[in-house]
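Worksheet: one structure, shown below.
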Amino acid sequence: MTSFIIGAHTNRSIPTEWRDDADRNCPFCRIIAGEMPSTRLYDDDKVIAILDILPLRRGHTLVIPKAHYSRVSELPPEYASAVGQAVTKVANGLTKALGNTALNVVCNQEYAQAVPHVHYHIIPAPSFDASARVEPLEKAKENEIPSSRREMHQREFESREELDEDEGNGLAVRIRASL
């Protein structure tokens, strides 16, 4: 799935915002400080989890350490541990709330990393089994079935839309109840 996202970043120069003082303008730092809105699913002293505002699929969640680090390879052990525990807890809540145990968990470092602040994506995976299907956020033709997983992933990436606030709030209630 991430091959299309990664391909979009081939030969991209490293943003100047990735300096050590980047946390002053970092959207995640601003969300953590309460300066920007978000739909929070989880919050403790070291980590938050929020719904992605441009989700690949319903329930697409970001788990973010509260301390600003651009690279997961530089994350101190106490934050790495807290993020790992939060990923597990939120993933469990997502699977219960959505009735789907299939997930993609991704953390990019520089390459294909849209926001230079460590974060993990927890993305409910689609299923070719209609009974367990997680509805993708796509506007494909109703009767047109993707011919391959690659085509399905391409369609999902191309069809990302901004999270509807009411839908996000309703989903957040269900997920938080399952944490």
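The values are calculated or read from the model by the stated rules, or taken from the named source; none is laboratory data. Keep in mind the model is a prediction, meaning the values are calculated, not measured. Because the Cβ atoms are built from the backbone with ideal geometry, glycine has one as well, and the counts that use them run over all protein chains shown. Side chains included, ligands, DNA and RNA excluded: accessible areas come from the protein's heavy atoms. Shrake-Rupley method; radii C 1.70, N 1.55, O 1.52, S 1.80 Å.
Inspect the stretch 153-171 for any residue being modelled with pLDDT of 85 or more, outside any loop (DSSP other than H, G, I, E, B) and among the small types (Gly, Ala, Ser) and give the result as yes or no.
yes
Filter the stretch 85-112 down to residues that are β-branched (Val, Ile, Thr) and open to solvent by less than 40 Å² (accessible area, probe 1.4 Å), then give me how many there are.
Total satisfying the criteria: 4.
Quick test for you: out of Ile50, Ile64, Ile32, pick the one residue that is open to solvent by less than 60 Å² (accessible area, probe 1.4 Å) and in contact with a Ser or Thr (Cβ under 8 Å, 6 or more places away or on another chain).
Values: Ile64 fails: in contact with a Ser or Thr (Cβ under 8 Å, 6 or more places away or on another chain); Ile32 fails: in contact with a Ser or Thr (Cβ under 8 Å, 6 or more places away or on another chain).
So the residue among Ile50, Ile64, Ile32 that is open to solvent by less than 60 Å² (accessible area, probe 1.4 Å) and in contact with a Ser or Thr (Cβ under 8 Å, 6 or more places away or on another chain) is Ile50.
Given the conditions (1) open to solvent by 70 Å² or more (accessible area, probe 1.4 Å); (2) at pLDDT 95 or above, which single one is not true for Asn11?
(2)
On the given criteria, is Lys66 of a type outside the set (Phe, Trp, Tyr) and under 16 Å from Asp44 (Cα atoms)?
The answer is yes for Lys66.
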